[in-house]
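Peer 1: The structure follows.
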Amino acid sequence: MKKDSHGKQFSAPMSDAVREQLLQEQDECTFIWQGKNDALGTIMSFVWAEGCVWLTTNDQRPRVSAVRKTGRASVVISSAGTTLGDSRCISLSGVCTVLDDAQTRRWFFPLFCQKLLPDNIKAQATMCDLLDREGQVILCVKPDKITAYDGDALMRKLEAQ
């Protein structure tokens, strides 16, 4: 076996269209931050808008204080559960800002609730009311590095060889 066996022949780029579709369809990601001693992560719901990953949580969570210290976070988004199947994922890292201003809350909470509860307008309104409270913050990850894996494109590439 060649030394570079996991190099270029085992990769295939994800098209911009597939990447955008995945970011729009998926509503769950792994959010990763740097803790005191180790990197830590948790599953969170998100919205992709304005070229950023937007999430929300309570300001008492350790991830919020960690992000306030480092100003950075990473996000991993899988295609599992989407119309794209299970063989694609995106990893991104970038500047993470903690927001709690009224202007951001006004547009983000309705969009977030619509994404999570697309078929239930009443539940969207109830969830927005629950989120719009003191201590609820919005995390915005503006990616400066994006790595994508497209297993379907890889299989097509290998089959064509």
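The values are calculated or read from the model by the stated rules, or taken from the named source; none is laboratory data. What you see is a predicted model, and the numbers here were worked out from it, not measured in a lab. Reconstructed Cβ throughout: ideal geometry from the backbone, glycine too, with neighbour counts over all protein chains shown.
Peer 1: Any residue at all in the stretch 135-155 that is more than 16 Å from residue 27 (Cα to Cα), exposed (fewer than 14 other Cβ atoms within 10 Å of the Cβ) and modelled with pLDDT under 95?
Peer 2: Yes, the conditions are met somewhere in the stretch 135-155.
Peer 1: Something else about it: I need the full set of residues from the stretch 92-107 which are farther than 15 Å from residue 142 by Cβ and either under 16 Å from the mean Cα position of the chain (by Cα) or assigned to a loop (DSSP other than H, G, I, E, B) (or both), in order please.
Peer 2: 100, 101
Peer 1: Going through the stretch 46-60 one residue at a time, which ones are small (Gly, Ala, Ser) and buried (at least 16 other Cβ atoms within 10 Å of the Cβ)?
Peer 2: Correct list: 49 only.
Peer 1: Being crowded, with 19+ Cβ neighbours inside 10 Å and in a loop (DSSP other than H, G, I, E, B) is the filter here, so list the residues in the stretch 12-22 that pass it.
Peer 2: 14
Peer 1: Residues 79, 93: which one is surrounded by 13 or more Cβ atoms within 10 Å (Cβ to Cβ), farther than 26 Å from residue 133 by Cα and in contact with a helix residue (DSSP H, G or I) (Cβ under 9 Å, 6 or more places away or on another chain)?
Peer 2: Among 79, 93, only 79 is surrounded by 13 or more Cβ atoms within 10 Å (Cβ to Cβ), farther than 26 Å from residue 133 by Cα and in contact with a helix residue (DSSP H, G or I) (Cβ under 9 Å, 6 or more places away or on another chain).
Peer 1: Right, another one. Would you check which residues across the stretch 60-83 are among the small types (Gly, Ala, Ser) and either assigned to a loop (DSSP other than H, G, I, E, B) or more than 17 Å from residue 42 (Cα to Cα) (or both) and list them?
Peer 2: Matches in the stretch 60-83: 71, 79, 80, 81.
Peer 1: A further question on this structure: Output the number of residues of the stretch 23-40 satisfying the condition of being over 8 Å from the mean Cα position of the chain (by Cα) and outside any loop (DSSP other than H, G, I, E, B).
Peer 2: So the count comes out to 7.
Peer 1: Restricting the search to the stretch 41-59, which residues are part of a strand (DSSP E or B) and over 24 Å from residue 22 (Cβ atoms)?
Peer 2: Of everything in the stretch 41-59, just one residue is part of a strand (DSSP E or B) and over 24 Å from residue 22 (Cβ atoms), namely 58.
Peer 1: Which of the residues belonging to the stretch 108-119 are under 11 Å from residue 138 (Cα atoms) and either charged (D, E, K, R) or touching a Phe, Trp or Tyr at 6+ places or on another chain (Cβ under 9 Å) (or both)?
Peer 2: Within the stretch 108-119, 108, 112 qualify.
Peer 1: Look through 86, 129, 119 and report the one residue that is outside any strand (DSSP E or B), modelled with pLDDT under 95 and surrounded by fewer than 17 Cβ atoms within 10 Å (Cβ to Cβ).
Peer 2: Unique residue meeting the criteria: 86.
Peer 1: May I ask you to list the residues in the stretch 1-47 that are modelled with pLDDT under 75 and either aliphatic (A, V, I, L, M) or over 20 Å from residue 145 (Cα atoms) (or both)?
Peer 2: 1, 2, 3, 4, 5, 6, 9, 10, 12
Peer 1: So which pairs qualify, if the first residue must be in the stretch 124-152 and on the phi < 0 side of the Ramachandran plot, the second must be of a type in the set (Ser, Thr, Tyr), the Cβ gap must be under 6 Å, and the two must be at least 6 apart or on different chains?
Peer 2: 138/56; 138/104; 140/97; 145/93; 147/91; 151/87; 152/87
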